[in-house]
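The values are calculated or read from the model by the stated rules, or taken from the named source; none is laboratory data. Nothing here was measured: the structure is a model prediction, and the numbers come from that model. When we count neighbours, we look across all protein chains shown, and the Cβ atoms used for this are built from the backbone with ideal geometry, even at glycine.
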Amino acid sequence: MSDFLDIGALTDIPQRGARLIKTHHGCIAVFRTAEDTVFALDDACPHKGGPLSQGIQHGSAVTCPLHNWVIDLNSGEAQGADEGAVRTYAVKVEDGRILIDRAGLAAPMAAE
Amino acid sequence: MTQKLVVIGAGMASGRALEHLVETAPDAYDITLFGAEPRGNYNRIMLSPVLSGEKTYEEIVTHDADWYASNGVTCRFGEAVTGIDRGRKVVTTEAGETAYDKLLIATGSNPFIIPVPGKDLPGVITYRDLDDTNAMIDAAATPGARAVVIGGGLLGLEAAAGLKLRGMDVTVVHLMGHLMERQLDPAAGYLLQRELETRGIKVLCGANTKEIRGDGKVEAVLLEDGRIIETDIVVMAVGIRPNTAFAPEAGIATGRGIQVDDTMRTDDPDIFALGECVEHRGMCYGLVAPLYDMAKVAASNLAGSEAAFAPVETSTKLKVTGVDLFSAGDFQEGEGREEIVFRDATRGVYKRLVLEDDRIIGVVMYGDTVDGSWFFGKLKAKEDISDLRDTLIFGPNFAGGAPLDPMAAVAALPDEAEICGCNGVSKGQIIAAITGGATTLDAVKALTKASTSCGTCAGLTEQVVAATLGDDFVLPEAAGMCKCTDHSHDDVRRLIKAKELKSIPAVMQELNWKTSCGCHVCRPALNFYLVADWPGEYQDDAQSRFINERVHANIQKDGTYSVVPRMWGGITTPDELRAIADVADKYEIPTVKVTGGQRIDLLGVKKEDLPHVWGDLNAAGMVSGHAYAKGLRTVKTCVGTDFCRFGTQDSTGLGIKIERLLWGSWTPHKVKLAVSGCPRNCAEATCKDIGVVCVDSGYEIGVGGAAGMDVKEVERLCKVETEEEVLEVIAAFVQLYRENAQYLHRPYKWIAKVGMEWIIETVVEDLPRRKELAAAFALSQTFYQTDPWAERAQGGQAHEFTPLADLTQVAAE
């Protein structure tokens, strides 16, 4: 069973912008696209840990601000010639609220 | 034995269900139809043409008195049902009770009224039925009457267009970033907004209504940002909610709507429901196609044969005469999804197909929708389109043929459009030269002088020549800005001015961008070009800026930031130094360093501390040093005549004046200056973008120096005698650079392209032109010369600096 946690309103994030949620395991970047789709990824580029939340978003990808790696927001995978992936989280939008899957948040602890 | 069927609600869904029922089982039921409106069923979708005056009410009636009579339907219109007693199987109205064997609830939906002060004032109108429509028509009868439509969705825009046709002054207030965001992507939304604006409808997107004001009736709408729009009526068209009416009290299972199963039965097997009032598998419906499907299913089950409702894809069209728009399926981007985008700027056409696994899953079309149903058919059929893919976007009539003309944007320019700004050459003059016998690009250039000065219009000139000569011309390969466009930076800059493009969606549409919202290469460039070309008019797009310019600090490898306060001309004071030291202590800033530009750099600042750091620095009188900007960075100075025994002029004072002139300006790349007080050049002015070296008789100005990846000495621009002239020449030079250079080209690269000769002619020798450029720079500065730190220290852009949520508190459970 999925248990979703309300983390804020869709309009709290500007279109093509991103904001962070702080967790015990580090920051998660929550992205809102031009078309109001929401994605959540670890805020660390697989390359050198750059804060993806600070990058420029285009389509459903974000360009890392440190070295221009392009990360697919849906899969978390680096695009083009670069290889690597960042952890993604299940999120959804209901009635203008952004909800994140609590199970996904707990997973890193369970893995220990 | 004939059973009694009672139908509550005489709208389109129940109307269609009754049609099916009397057709398949004419004698099964004795039917009584209640309707809250004092009239029978009419085509509610066609209210918009009634509003605009293109149709009359009589033309949209679907079931008249004759129909009800000949099919034996007892009509009780204008009689609202107030309750049901399921135990005794009766419905209650003012007139009494009516018994049923089977009940069909089709109460439709209620308009959603946003809960703002003034929502109940006379003059606030919803848009659901004929009475609403008539109220709007009445309001429009007063000459000069004004209307505000809240909601830029399907219904709101139809209302706006209708009211405009009736002569009203109409403003649409829409909460989201673009119109019809549920059906359209931003590109199509832009085209729609442009079309509505050309019809004289004002459109405010991203506008949140705070209050409806008025004394006894509507007088104005107040927006969250403080804007006030005076108006006579307010049309509330923000959405609908299922009208579950008495169902919850009657104990019928209700969620957002009345819950039904696939047979359209509620949890009471004798009670059916359909239309906008129901919730089926968690979904509520508002478009007519699924409602008609429900009607068929409900009628079949009422007639005794089994049928099940299965929702299908629906498409949307906007019913505004002259607006062609089509939307279907899911057009969000996502993993494994691809898109095919077609744009024809001249005709205002935009088509986008979203594909997944070689199947169409979404269609957005604007301007030319004739192929909409063809695409929609393939979408519904989940047809594999891999064989058609190359030409799919061109629709069913296309097979093979020539690829799209990449020069469409150029071909569409009017004859008077200026191609070469330096020499004032229009497209018409180039065509005239060609019809006059010039058959090569060089001949055209020689005759017209087009692209022979600064050269930035070379590509454009070539395209005009190519378009005019046709097959006789071979277009040389020009590098596009990025993968999103074939246009070069220079062409884009020229076309932004020639076509007066004033937003990023406008540029992308008119210049046939190949992606829907660009990429990290073109978006910052376009944002700069628009900032530079349309000061005061263009709305800066923060999301198109690199993070450093968005948060006004430099990102470091560990995600922290560095902060550099401005020190005019490199001069500081003990108080400023104390304030910097205090800030470094207070926020535990690990590193404090002196930069090469005579500034102090605070390194390792946490992002959420930035506004507080700035607030403290502001309080000590310091502003942003723009050490992060593609803009004016620093003016480095030596101490000049104040202290130096060799100084010839007040180099420090002049440096401060230059910095005060230039700070806050956005440029294609960073700009660094220096002023040295004598030719010993202690400020290293000869390797700067602009360097001033003072001599006894005046000031030597050099430009195009570099000391980065390339090392270059400045080239001499001119020598002037007064500080005023220095300031004017520098302002003119910077403005020329802003207007012409390619994004991310430092001045030396730009100069190499356009030639020092032309720059000297323009900035030094042509005095009127120099003054014009300096004035243009001054105008631009009135908009951009503000301290970005102050705004953010006071709480502006807070979303950039605070987390959305802190789960370290809750996730611990």
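Need a quick list: strands (runs of 3 or more DSSP E) entirely within segment B:47-93 having at least 3 residues that are out of contact with any Cys (no Cβ under 8 Å at 6 or more places or on another chain) and surrounded by 15 or more Cβ atoms within 10 Å (Cβ to Cβ). Can you show your working first?
Numbers: elements: B:73-77, B:81-85, B:90-93.
Passing ranges, in order: B:73-77, B:90-93.
What strands (runs of 3 or more DSSP E) lie completely within segment B:231-328 and have 1 or more residues being at pLDDT 85 or above, out of contact with any Ser or Thr (no Cβ under 6 Å at 6 or more places or on another chain) and farther than 30 Å from B:Asp169 by Cα?
B:258-260, B:271-273, B:278-280
Is one or more of the residues making up segment B:279-296 small (Gly, Ala, Ser), in contact (Cβ under 8 Å) with a residue 40 or more places away in the chain and in contact with a His (Cβ under 9 Å, 6 or more places away or on another chain)?
Within segment B:279-296, one or more residues are small (Gly, Ala, Ser), in contact (Cβ under 8 Å) with a residue 40 or more places away in the chain and in contact with a His (Cβ under 9 Å, 6 or more places away or on another chain).
Can you tell me which residues in segment B:163-179 are surrounded by fewer than 23 Cβ atoms within 10 Å (Cβ to Cβ) and either among the β-branched types (Val, Ile, Thr) or farther than 22 Å from B:Asp225 by Cα (or both)?
B:Lys164, B:Leu165, B:Arg166, B:Gly167, B:Thr171 - these are the residues of segment B:163-179 that are surrounded by fewer than 23 Cβ atoms within 10 Å (Cβ to Cβ) and either among the β-branched types (Val, Ile, Thr) or farther than 22 Å from B:Asp225 by Cα (or both).
Residues to consider are A:Asp95, A:Asp3; find the one that is touching a residue at least 40 places away in the same chain (Cβ under 8 Å), surrounded by fewer than 22 Cβ atoms within 10 Å (Cβ to Cβ) and of a type outside the set (A, V, I, L, M).
Testing whether each residue is touching a residue at least 40 places away in the same chain (Cβ under 8 Å), surrounded by fewer than 22 Cβ atoms within 10 Å (Cβ to Cβ) and of a type outside the set (A, V, I, L, M) leaves just A:Asp3.
Can you find a residue that is surrounded by 21 or more Cβ atoms within 10 Å (Cβ to Cβ), touching a residue at least 24 places away in the same chain (Cβ under 8 Å), assigned to a loop (DSSP other than H, G, I, E, B) and not β-branched (Val, Ile, Thr) anywhere in segment B:746-763?
Checked segment B:746-763: at least one residue is surrounded by 21 or more Cβ atoms within 10 Å (Cβ to Cβ), touching a residue at least 24 places away in the same chain (Cβ under 8 Å), assigned to a loop (DSSP other than H, G, I, E, B) and not β-branched (Val, Ile, Thr).
Results for (1) more than 18 Å from B:Tyr628 (Cα to Cα); (2) away from every other protein chain (no Cβ under 13 Å); (3) more than 40 Å from the chain's Cα centre (by Cα), shown as yes or no for each residue.
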position	(1), (2), (3)
B:Asn548	no, no, no
B:Asn554	no, no, no
B:Asp558	no, no, no
B:Val564	no, yes, no
B:Ile571	yes, yes, yes
B:Val583	yes, yes, no
B:Lys586	yes, yes, yes
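If you check every pair at least six apart or on different chains, which have Cβ atoms under 7 Å apart with a residue in segment B:3-31 that is over 18 Å from B:Phe77 (Cβ atoms) first and a residue that is crowded, with 24+ Cβ neighbours inside 10 Å and of a type in the set (Gly, Ala, Ser) second?
So the pair list comes out as B:His20/B:Ala295; B:His20/B:Ala299; B:Leu21/B:Ala299; B:Thr24/B:Ala299.
With a cut-off of at least 1 residues that are farther than 26 Å from B:Asp330 by Cα and in contact with a Ser or Thr (Cβ under 9 Å, 6 or more places away or on another chain), name the strands (runs of 3 or more DSSP E) lying wholly within segment A:10-112. Outline the logic, then answer.
Details: elements: A:17-23, A:26-32, A:38-42, A:56-58, A:61-63, A:70-72, A:91-94, A:97-101.
Answer list for segment A:10-112: A:17-23, A:26-32, A:38-42.
Select from segment B:764-813 the residues that are surrounded by 13 or more Cβ atoms within 10 Å (Cβ to Cβ), away from chain A (no Cβ under 14 Å), part of a loop (DSSP other than H, G, I, E, B) and in contact (Cβ under 8 Å) with a residue 60 or more places away in the chain and list them in ascending order.
B:Gln785, B:Thr786, B:Asp787 - these are the residues of segment B:764-813 that are surrounded by 13 or more Cβ atoms within 10 Å (Cβ to Cβ), away from chain A (no Cβ under 14 Å), part of a loop (DSSP other than H, G, I, E, B) and in contact (Cβ under 8 Å) with a residue 60 or more places away in the chain.
For the condition facing chain B (nearest Cβ under 7 Å) and surrounded by 22 or more Cβ atoms within 10 Å (Cβ to Cβ), what is the one hit in A:Ile71, A:Ile56? Before the answer, list the steps.
Values: A:Ile71 fails: facing chain B (nearest Cβ under 7 Å).
It is A:Ile56.
The conditions are (1) in a helix (DSSP H, G or I); (2) modelled with pLDDT of 90 or more, and B:Val170 fails exactly one of them. Which is it?
Condition (1) is where B:Val170 drops out.
For segment A:24-41, indicate whether the set of residues that are at the interface with another protein chain (Cβ under 8 Å from one of its Cβ atoms), surrounded by fewer than 17 Cβ atoms within 10 Å (Cβ to Cβ), over 14 Å from the mean Cα position of the chain (by Cα) and under 23 Å from B:Thr802 (Cβ atoms) is non-empty.
Yes; the residues of segment A:24-41 include at least one that is at the interface with another protein chain (Cβ under 8 Å from one of its Cβ atoms), surrounded by fewer than 17 Cβ atoms within 10 Å (Cβ to Cβ), over 14 Å from the mean Cα position of the chain (by Cα) and under 23 Å from B:Thr802 (Cβ atoms).
Quick one: is A:Phe4 hydrophobic (A, V, I, L, M, F, W, C), more than 9 Å from chain B (Cβ to nearest Cβ) and farther than 30 Å from B:Pro505 by Cα?
Judged against the criteria, A:Phe4 is a match.
Exactly one condition in (1) under 26 Å from B:Pro242 (Cβ atoms); (2) of a type outside the set (A, V, I, L, M); (3) in contact with a helix residue (DSSP H, G or I) (Cβ under 9 Å, 6 or more places away or on another chain); (4) modelled with pLDDT of 90 or more is not met by B:Thr62; state its number.
Every listed condition holds for B:Thr62 apart from (4).
Of everything in segment B:329-340, what is modelled with pLDDT of 85 or more and within 11 Å of another protein chain (Cβ to nearest Cβ)? Give them in sequence order.
Result: B:Arg337, B:Glu338, B:Glu339.
How many residues does segment B:95-109 hold that are assigned to a loop (DSSP other than H, G, I, E, B) and under 51 Å from the mean Cα position of the chain (by Cα)?
Adding up the residues that qualify gives 3.
Anything in segment B:181-205 that is at pLDDT 90 or above and part of a loop (DSSP other than H, G, I, E, B)? List them, or say none.
B:Gly200, B:Ile201, B:Cys205
Would you call B:Asp540 part of a helix (DSSP H, G or I) and surrounded by fewer than 22 Cβ atoms within 10 Å (Cβ to Cβ)?
Details: part of a helix (DSSP H, G or I): no; surrounded by fewer than 22 Cβ atoms within 10 Å (Cβ to Cβ): yes.
It is false that B:Asp540 is part of a helix (DSSP H, G or I) and surrounded by fewer than 22 Cβ atoms within 10 Å (Cβ to Cβ).
Here is a list: B:Gly152, B:Gly177, B:Gly156. Which entry is within 20 Å of B:Glu54 (Cβ to Cβ) and within 28 Å of the chain's Cα centre (by Cα)?
Result of the check over B:Gly152, B:Gly177, B:Gly156: B:Gly156.
Just the residues that are in a loop (DSSP other than H, G, I, E, B) and in contact with a strand residue (DSSP E or B) (Cβ under 8 Å, 6 or more places away or on another chain), please, taken from segment B:572-595.
Selection gives B:Thr572, B:Tyr587, B:Ile589, B:Pro590, B:Thr595.
Having 2 or more residues that are closer than 28 Å to B:Trp513 by Cα, among the β-branched types (Val, Ile, Thr) and at pLDDT 65 or above is the bar; report the helices (runs of 4 or more DSSP H) wholly within segment B:397-455 that clear it.
Output list reads B:427-435.
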